[in-house]
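The values are calculated or read from the model by the stated rules, or taken from the named source; none is laboratory data. Predicted model, so just to flag it, every value in this text is computed and none were measured. Cβ placement follows ideal geometry from the backbone for every residue including glycine, while neighbour counts extend to all protein chains displayed. Accessible surface areas use protein heavy atoms only, side chains included; no ligands, DNA or RNA. Shrake-Rupley method; radii C 1.70, N 1.55, O 1.52, S 1.80 Å.
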Amino acid sequence: MSPAFSMDGPYDCQACGACCVAVGPVAVQPHDTQVPRRRTRSVRRMVGFASFEADLGVRCMKADDGRCGALVGQPGSRVACGIYDRRPSVCAEFQPGSGYCLEARASARARFSA
């Protein structure tokens, strides 16, 4: 098991990246005006997003092979956010060691340790 995907702290986000890998589409809200539009796509007709969300202007981060399109590096080794200062609010509010973090780590561990 990669130490970066450990369920025990300390949590080094730049050695992990689990929250940016295979946790589903990351919603970009209309108030996230700093997120580069080229990094997002419409949620219209996407599984898991209701039509009212599309009507409200919600978009999602583009994904490359299950990874956030802004993720740079190799998950579990060394990663960074390519738009860190302009990332969606949901990413900025994500807390290392939270329940969501541990869930993402478990998912990444299963995916990358196979």
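Provide the per residue accessible area, probe 1.4 Å, for the chain, rounded to a whole number of square angstrom.
Each residue of the chain exposes 61 Å² on average to a 1.4 Å probe.
Tell me, which cysteines of the chain are without a disulfide-compatible partner by the Cβ under 4.7 Å rule?
Flagged as lacking a Cys partner: Cys13, Cys16, Cys19, Cys60, Cys81, Cys91, Cys101.
How much FRET efficiency would the formula 1/(1 + (r/R0)^6) give for Arg44 and Glu93, where r is the Cβ-Cβ distance and R0 is 25 Å, rounded to 0.05? Each step should come with its number before you reach the end.
Values: r = 25 Å, r/R0 = 1.00.
Plugging the Cβ-Cβ distance into 1/(1 + (r/R0)^6) gives 0.50.
If you bin the C-alpha pair distances of the chain every 5 Å from 0, what whole percents do you get?
Distribution as computed: 2, 12, 22, 24, 19, 12, 7, 2, 0 percent.
Any idea what angle helix 99-112 forms with the longest principal axis of the chain, computed on alpha-carbon atoms, 0 to 90 degrees, nearest 10?
70
Please list, in order, the residues from the stretch 73-91 whose amide nitrogen is less than 18 Å from a point placed 7 Å along the Cα→Cβ vector of Leu56.
Under cut-off, by backbone N: 88-91.
Whole angstrom only: what separates the Cα centroid of the stretch 25-55 from the Cα centroid of the stretch 80-114?
Going from one Cα centre to the other spans 18 Å.
Could you please state how large a percent of the accessible area of the chain is carbon and sulfur, counting protein chains only and using a 1.4 Å probe?
Answer for the chain: carbon and sulfur cover 53 percent of the accessible area.
For the chain, what's the relative contact order in percent, using C-alpha pairs closer than 8 Å and at least 6 residues apart?
Values: 165 pairs, mean separation 45.4, N = 114.
Once divided by the residue count of the chain, the mean separation gives 40 percent.
Taking 0.36 nm per residue of separation and subtracting the Cα-Cα distance, what length does fully extending Asp64 through Gln14 add?
Stretched out fully, the Asp64 to Gln14 stretch lengthens by 16.1 nm.
Of Met61, Gly76, Ser98, whose Cα points farthest to the positive end of the dipole of the stretch 1-108 (charges on the beta-carbon: +1 Lys, Arg; -1 Asp, Glu; origin at the Cα centre)?
Met61
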